[in-house]
1. Specify the residue that is farthest from Ser232 (Cα to Cα); the eligible residues are those in region 139-189 that are out of contact with any helix residue (DSSP H, G or I) (no Cβ under 9 Å at 6 or more places or on another chain) and small (Gly, Ala, Ser).
2. Being part of a strand (DSSP E or B), out of contact with any Pro (no Cβ under 7 Å at 6 or more places or on another chain) and buried (at least 16 other Cβ atoms within 10 Å of the Cβ) is the filter here, so list the residues in region 114-137 that pass it.
3. From (1) farther than 11 Å from Leu171 by Cα; (2) surrounded by fewer than 20 Cβ atoms within 10 Å (Cβ to Cβ), pick out the condition that doesn't hold for Pro199.
4. Just to be sure before I move on: is Gly110 modelled with pLDDT of 85 or more and in a loop (DSSP other than H, G, I, E, B) in the structure I sent?
5. If a residue has to be buried (at least 17 other Cβ atoms within 10 Å of the Cβ), in contact with a Ser or Thr (Cβ under 9 Å, 6 or more places away or on another chain) and not hydrophobic (A, V, I, L, M, F, W, C) to count, how many in region 147-183 make the cut?
Amino acid sequence: MTLKVLLSFLAVTFVYSGSVIAEARQPKTPVSSAKRTVVQKKLPVVSKKTTVTQKKLIIVQKKPTFLQKKVIIAQNKPTVFQKKPTILRKKPTVAKVVQPKWKIFTAPDGGFTVLMPGRPKIGTQTQKTYMGEINVAVFAAQPPKQEVAYIVTYNDFPYNFAQMNSPQDILKKTQDSAINTTKSKLVSERNIRSSNGHPGKEIEYVDAGGKVTTTRMYIADGRLYQVMAITSKKQNQTLAKTIKGYLNSFNIVLKK
């Protein structure tokens, strides 16, 4: 029941109560003094008592309506937008890594073919080894923005040395020389063969700086081939499939 309905209801009640009092005061017929006294005693009782409708009015006035409560709560509590302002953040731009184009590279003398990330740099080095002083041909490629180098080397043996040592002895000595020179720790080793049956060996070792080197060595026609991939530990994991594909692509071309 709304407040307007209550007020109108109370107004009717007050009028009805007034008419009762007026009628009580107008003598219709002579009555005894005793009866008149009774009526006068009852009248104050009617005026003292508060009607049920009046009580409801007091309760309604004291207690706020459901809508008023909601308004109070809405005024006291800050809105969600006031508590948590929205912050627009720009997404960081990630630089795209340029993937190198792998192509088959053939050695100038036609001795081998291999997949390389672009054309490798070609050079020669003279090194002192357990076989004596030898000339080493080097083919190296390093893709941009990657911590990896793909290197192929070969050197010819002195004739007497090749006659006096077996392929397995040469591979073992080459392995020991590589680990001792770089002060590295051997991780794994296994015997392998090239696609056309030449004896070889695969080794993996880590140097003091954390660089991982995976090398496949082959001996064919008095020549030692070494196919290497040098990476950081992190890149060695992410480029594992690429390195394996690179090593598997190496082929020795037989002399006719």
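The values are calculated or read from the model by the stated rules, or taken from the named source; none is laboratory data. Owing to the predicted nature of the structure, the values given are computational and were not obtained by experimental measurement. FYI the Cβ positions are ideal-geometry reconstructions off the backbone, even for glycines, and counts take in every protein chain you see.
1. Checked region 139-189; the qualifying residue farthest from Ser232 (Cα to Cα) is Ser166.
2. Hits for region 114-137 are Val114, Leu115, Met116, Ile134, Val136, Ala137.
3. Every condition holds for Pro199 apart from (1).
4. Taking the combined requirement at face value, the residue satisfies it.
5. The number of residues fulfilling the criteria is 3.
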